[in-house]
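Beneath this line is the structure, given in structure tokens, with notes to follow.
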Amino acid sequence: MLPLKDNIPTLRFAILTVILIALNVAAFAVEFTWSQDQGSASGEAGQLGASEYDVGLIEYGAIPYRITHPGEDCGLSALKQEATIVCEGTKEYRDAEQAGGLADLSEAPWWVTVFTSMFLHGGILHLAGNMLFLWVFGNNIEDSVGRVIFIPFYLLAGIAAVYSQALLDTSATVPTVGASGAVAGVLGAYALLHPRARVLTLIFIIFFVTLVEIPAMVLLGVWFALQFLPAVGQLATPDVTGEGGGVAYFAHIGGFFVGLALIKLLARRREEPPGSAPSPVY
């Protein structure tokens, strides 16, 4: 199901939502310039067969181990058939260092990656999906909390998402990237403020495609279920090696609940046009 638009008008143009979308697109444009050819990275990382794209995600993505072990940097080890990410303070890092098979990386400080990771994406579909949800639901949340508060709200949801995923497995070294967690905060806020809104939704099941207007609570309820059930699976079988990948479902769950928790504190009464009766946002 893909949301296309809702029936809740905004009182003013959602300029910050547009700016966030533009920043995400700009960051993806930079990613697009990174070569994905194996060995295209500069220096020792390239000699280990790493691509410029992979190194960029490592340097600016949120690596759970770095997030939960501030000050410990990571590098690439050549002790396995493929270059693997190893971090300071681990046996794998010491082994690679002693064997002379370690490539250091020019990583951004760990706290910077908490923010940069929110603007990187793993592909065009990843970016497009996140930006579509941000556009459909973000404008109403920006309208509700105001422009001064919207960006801090969005970033707080994103930070909570990063830590929610990192705490699932603090030894994991796979970078987390994407705006999904921050956008999930927007969805949580929308679910609480506008549960009765109706959303024009594109539904496709194999060859069946149709447009239907459904309640926001139904759409967001289905979305949440599709995040929660796999998250339970991740909790039951965590990636103890830290080498796996996939969707960061716990990031989505964490962002969603932060959106739910914060919106009642931050949402304000809507300023209606002159001559109309004021109404609360919830």
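The values are calculated or read from the model by the stated rules, or taken from the named source; none is laboratory data. Not measured: the values here are computed from a predicted model. Positions of Cβ are backbone-derived with ideal geometry, glycine not excepted, and every protein chain shown enters the neighbour counts.
Overview of values
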{"item": "Selected residue (criterion: surrounded by the fewest Cβ atoms within 10 Å (Cβ to Cβ)) from residues of segment 65-83 that are of a type in the set (G, A, S) and assigned to a loop (DSSP other than H, G, I, E, B)", "result": "G71"}
{"item": "Scan of segment 178-207 for residues that are β-branched (V, I, T) and under 16 Å from the mean Cα position of the chain (by Cα), ordered by number", "result": "V183, V186"}
{"item": "Single residue of segment 27-47 satisfying the filter (in contact (Cβ under 8 Å) with a residue 60 or more places away in the chain and of a type in the set (A, V, I, L, M, F, W, C)) that is farthest from V136 (Cα to Cα)", "result": "A45"}
{"item": "Among (1) assigned to a loop (DSSP other than H, G, I, E, B); (2) surrounded by fewer than 20 Cβ atoms within 10 Å (Cβ to Cβ); (3) not polar (S, T, N, Q), the one test that R94 misses", "result": "(1)"}
{"item": "Some residue of segment 33-44 being assigned to a helix (DSSP H, G or I), on the phi < 0 side of the Ramachandran plot, surrounded by fewer than 19 Cβ atoms within 10 Å (Cβ to Cβ) and not hydrophobic (A, V, I, L, M, F, W, C)", "result": "yes"}
{"item": "Single residue of segment 46-64 satisfying the filter (modelled with pLDDT under 90 and not in a loop (DSSP other than H, G, I, E, B)) that is farthest from F28 (Cα to Cα)", "result": "Q47"}
{"item": "A27 part of a helix (DSSP H, G or I), touching a His at 6+ places or on another chain (Cβ under 9 Å), closer than 27 Å to V148 by Cα and at pLDDT 95 or above", "result": "yes"}
{"item": "Failed item, numbered, when N140 is tested on (1) of a type in the set (S, T, N, Q); (2) touching a Cys at 6+ places or on another chain (Cβ under 9 Å); (3) at pLDDT 95 or above", "result": "(2)"}
